[in-house]
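What follows is a set of notes on a single structure, which appears directly below.
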Amino acid sequence: MGWIILWALVLIVVVVIITNIKIVPQAHAYVMERLGAYHATWETGLHVKVPFIDRIAKKVSLKEQVIDFPPQPVITKDNVTMQIDTVVYFQITDPKLYAYGVERPISAIENLSATTLRNIIGCLLYTSYAADDKDRVIIGGSGGV
């Protein structure tokens with residue numbers, strides 16, 4: 001009877017240890033919390049967390065991401081109202097700031113891009129860009145937001 005209890009305890013300990021071994025895939029990062037506070041950011045590789053003390057707070061993809069936001073109304077310098085469709089490419093470079101810096105990071109990216117577009121389009125004259133095409137104005141550029 002004593003051996004059965006001993007084997008059951010050994011089995012439970014082995015299961016707990018195995019379930020706390022984590023592999024972080026390529027182009028991902030795990031934000032770790034210890035007792036509810038930020039502890040570390042795990043990069044790619046094999047890691048072991050402390051059972052019942054550590055937890056994975058957020059799994060973050062470090063790949064470049066694309067988000068298509070709904071059209072935004074903007075007003076040009078000559079008071080023409082138009083709809084601007086926004087596609088934003090972004091890449092997370094600091095998983096800790098992504099997890100703890102802003103409550104809703106995607107919403108913050110949408111608002112920042114809409115504000116930047118309104119600022120840029122507000123300085124342009126519609127009549128100078130729409131001489132050939134009255135329905136569509138494409139503004140291109142290099143770099144990122």
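The values are calculated or read from the model by the stated rules, or taken from the named source; none is laboratory data. On a predicted model such as this, the values are computed, not experimentally measured, just so you know. Positions of Cβ are generated from backbone atoms using ideal geometry, with glycine treated the same way; all protein chains shown enter the neighbour counts.
Computed values, structure above
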{"item": "Matching residues in the range 99-145 - criterion: being over 20 Å from PRO70 (Cβ atoms), at pLDDT below 90 and surrounded by fewer than 10 Cβ atoms within 10 Å (Cβ to Cβ)", "result": "CYS123, ALA131, ASP132, ASP133, LYS134, GLY140, GLY141, SER142, GLY143, GLY144"}
{"item": "Flag for ARG55 being part of a strand (DSSP E or B) and among the basic types (Lys, Arg)", "result": "yes"}
{"item": "Some residue of the range 91-99 being out of contact with any strand residue (DSSP E or B) (no Cβ under 7 Å at 6 or more places or on another chain) and β-branched (Val, Ile, Thr)", "result": "yes"}
{"item": "Filtered residues of the range 74-89 (kept if surrounded by 16 or more Cβ atoms within 10 Å (Cβ to Cβ), closer than 24 Å to LYS63 by Cα and of a type outside the set (Ser, Thr, Tyr))", "result": "VAL88"}
{"item": "Number of positions in the range 5-51 that are outside any strand (DSSP E or B) and more than 20 Å from the chain's Cα centre (by Cα)", "result": "21"}
{"item": "Test: residue in the range 54-72 that is of a type in the set (A, V, I, L, M), under 20 Å from THR116 (Cα atoms) and either under 11 Å from the mean Cα position of the chain (by Cα) or surrounded by fewer than 10 Cβ atoms within 10 Å (Cβ to Cβ) (or both)", "result": "yes"}
